[in-house]
Amino acid sequence: MPADQRLRDALRLILEDEGESRPERWHGTTAVYPANWRDEGYVDYFYRRDTILVRADDAELVFRTLRDDSTPEDERSPIIPELVAIDVLPVIDGVTALVWRYGRDFRRVSEGRHGMLGGSEFGGEYDRQYTDDDPLSVPNVLAELDRRAGPGKGTPDHGLPYCGNGHPCPATEPACVPGKAACPEPPVSTGICCGTRGWDGRDVFVGVVDGGLVDGVQVWPWMAGVTGEAEDPFMAGNGRIKPYACHGTFVAGCVRCVAPKAKVHVKKAEYIDNRPHAGMAYEHEIIQKMNELMDCGAEVIVCEFDGFTRFHRPMLTFNTFYDRRLRHLNVVIVAPAGNDTTYKPTFPAAYSWVIGVGALSADGNSRASFSNYGGWVDVYAPGVDLVNAFAVGDYECFEDPVPHEQRHFDGLASWSGTSFSAPLVAGMIAARMSGTGENAPLAADSLLRLARSQALPGVGPVLYPHQVCATPRRPCRPTCDCDCTH
């Protein structure tokens, strides 16, 4: 069936050029599989055009296979012809990227430079009349590489949105909060649990990989001291708030509501090239920001980018990140499960070493209608009509059912999505760490045990923000704020 309007609205921000079409605007931009998604009505995954990721140990094998240079010259049938220039794009230790045609740096192409790995030609018509279903497109190159070298030797550089299948994330567009005196939801924790203080995340470093931090929101008491790489939330020209703007700010606020004394820092993963409103970044960019947070000493990391992958397989960059670095450290990764109402796994949430978080309904007694689900989702937390920090200004809705509706914000917004359930769980881990002295994995394990013990039928393990001490919901006295068993 043809794509619905909601999917078309979201993909317009990701795939379409704005304003004057210039060659530099389509180098390194995102393509979608299948290429005929409008007719098929769905998206399998997003990827960086004419770019593949390979393990450093396999790079030579992959390159030789692409050129087919192990075959006698008169019998060769290269996947990428020898005259087509191929460059190298550094990623992280253990992973590199091979790029050609529209994946190459625009300056190198325009100056006619030879490829770093040989070749001098562009490999197609340099007139923007490209197709994402020709022999040199990433899906076709990878299909042939799989056949000749074996599955998994190369993977796409996936584009990961704030959700799975290209649908907007959060599950709703930001809504206005009546009055300037509104408080966040969930409320800011007192840091008191079982009558004792210290359950507030003090001295715990929580890192967030998102779209950056909006300046000025630190005026809200619970946001004081939150730091991050700056995000400009306003469109050039009309001054309206951009689609997906303030997402990282809202997420940081969710962490702080549960862990008000935690050190929170937001890293900005640059959006896909020349698509400033896309709400999407490439996996190589995201993993680099996670690496930077590890360098800074982060103990809990919230990765807000999550999506579908080719054949629903794990991503090469994240696999290498875990094998070479994360598995040796006491760091916990938390990620949203996505808002596509599907059981299909999204990554990184579906990794066994990542806490994938789904969303509960407003009353907390069922799964939110938009939340992804399945055995790969580790826990569900509140994710409907949360209230937190936002920019001050005007916003124009861009998707059904209220396209072009004008909304004004005074520094707070009401939003829904698994994107905001995830930082609540991260905040709970941080709060428990400060209250018990446990490291991040131990604190996470304690909370997940509680979540499984109070699983909701038809939903799964659940957590609520006040349960940072991970005790069952059996009240011992009227004034007990966490339903402990003391």
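The values are calculated or read from the model by the stated rules, or taken from the named source; none is laboratory data. Given the structure is predicted, the values throughout are model-derived calculations rather than measurements. Neighbour counts are summed over all protein chains in view; Cβ atoms, including those assigned to glycine, are modelled from backbone coordinates with ideal geometry. Please note that ligands, DNA and RNA were not included when accessible areas were found on the heavy atoms of the full protein model with its side chains. Shrake-Rupley method; radii C 1.70, N 1.55, O 1.52, S 1.80 Å.
When you scan segment 53-60, do you find a residue that is touching a residue at least 24 places away in the same chain (Cβ under 8 Å) and either within 15 Å of LEU136 (Cα to Cα) or crowded, with 20+ Cβ neighbours inside 10 Å (or both), even just one? Yes, there is a match, as at least one residue in segment 53-60 is touching a residue at least 24 places away in the same chain (Cβ under 8 Å) and either within 15 Å of LEU136 (Cα to Cα) or crowded, with 20+ Cβ neighbours inside 10 Å (or both).
Does PRO314 satisfy the condition of being touching a residue at least 24 places away in the same chain (Cβ under 8 Å) and over 18 Å from ASP157 (Cβ atoms)? No: the conditions fail for PRO314. Within segment 143-163, which residues are out of contact with any Leu (no Cβ under 6 Å at 6 or more places or on another chain) and buried (at least 21 other Cβ atoms within 10 Å of the Cβ)? Residues satisfying the conditions are LEU145, PRO156, HIS158, GLY159, LEU160, PRO161, TYR162, CYS163. The residues of segment 349-369 that are open to solvent by 30 Å² or more (accessible area, probe 1.4 Å) and either at pLDDT below 95 or aromatic (Phe, Trp, Tyr) (or both), listed by number, are TRP353, ALA362, ASP363, ASN365, SER369.
Taking segment 52-159 as the region of interest, the helices (runs of 4 or more DSSP H) fully inside it that hold 1 or more residues being under 25 Å from GLU16 (Cβ atoms) and within 32 Å of the chain's Cα centre (by Cα) are 106-110, 138-149. Among the criteria (1) open to solvent by 10 Å² or more (accessible area, probe 1.4 Å); (2) part of a loop (DSSP other than H, G, I, E, B), the one ALA278 does not fulfil is (1). Does ALA236 qualify as being over 15 Å from ASN388 (Cβ atoms), free of Cβ contacts under 8 Å to residues at least 60 places away in the same chain and among the small types (Gly, Ala, Ser)? In short, yes. Residues that are surrounded by fewer than 23 Cβ atoms within 10 Å (Cβ to Cβ) and in a loop (DSSP other than H, G, I, E, B) within segment 213-232 comprise ASP215, GLY216, TRP220, ALA224, GLY225, GLU229, ASP232, listed in sequence order. The residue pairs whose first member lies in segment 185-211 and is more than 21 Å from GLU292 (Cα to Cα), whose second member is at pLDDT 95 or above and assigned to a strand (DSSP E or B), and whose beta carbons are closer than 6 Å, counting only pairs six or more residues apart or on different chains, are GLU185/LEU386; GLU185/VAL387.
Per the conditions (1) surrounded by 12 or more Cβ atoms within 10 Å (Cβ to Cβ); (2) at pLDDT 90 or above; (3) not basic (Lys, Arg), the sole criterion not satisfied by ASP132 is (2). When each of THR317, THR346 is tested for being modelled with pLDDT under 95, buried (at least 24 other Cβ atoms within 10 Å of the Cβ) and under 17 Å from the mean Cα position of the chain (by Cα), the lone residue that passes is THR346.
Restricting to segment 369-424, name every residue that is assigned to a strand (DSSP E or B) and either within 12 Å of ALA359 (Cα to Cα) or touching a Pro at 6+ places or on another chain (Cβ under 6 Å) (or both).
Step one: of segment 369-424, the residues assigned to a strand (DSSP E or B) are 379-382, 386-396, 406-415.
Matches in segment 369-424: VAL379, TYR380, ALA381, PRO382, LEU386, VAL387, ASN388, ALA391, ALA413, TRP415.
Residues that are in contact with a Gly (Cβ under 6 Å, 6 or more places away or on another chain) and either aromatic (Phe, Trp, Tyr) or more than 18 Å from ILE301 (Cβ to Cβ) (or both) within segment 429-465 comprise just one, GLY435.
Of all the criteria given as (1) more than 28 Å from VAL384 (Cβ to Cβ); (2) open to solvent by 10 Å² or more (accessible area, probe 1.4 Å); (3) assigned to a loop (DSSP other than H, G, I, E, B), the one not satisfied by ILE272 is (2). Evaluation of VAL255 against the conditions (1) without any contact (Cβ under 8 Å) to a residue 40 or more places away in the chain; (2) assigned to a helix (DSSP H, G or I) shows that the sole unmet condition is (1).
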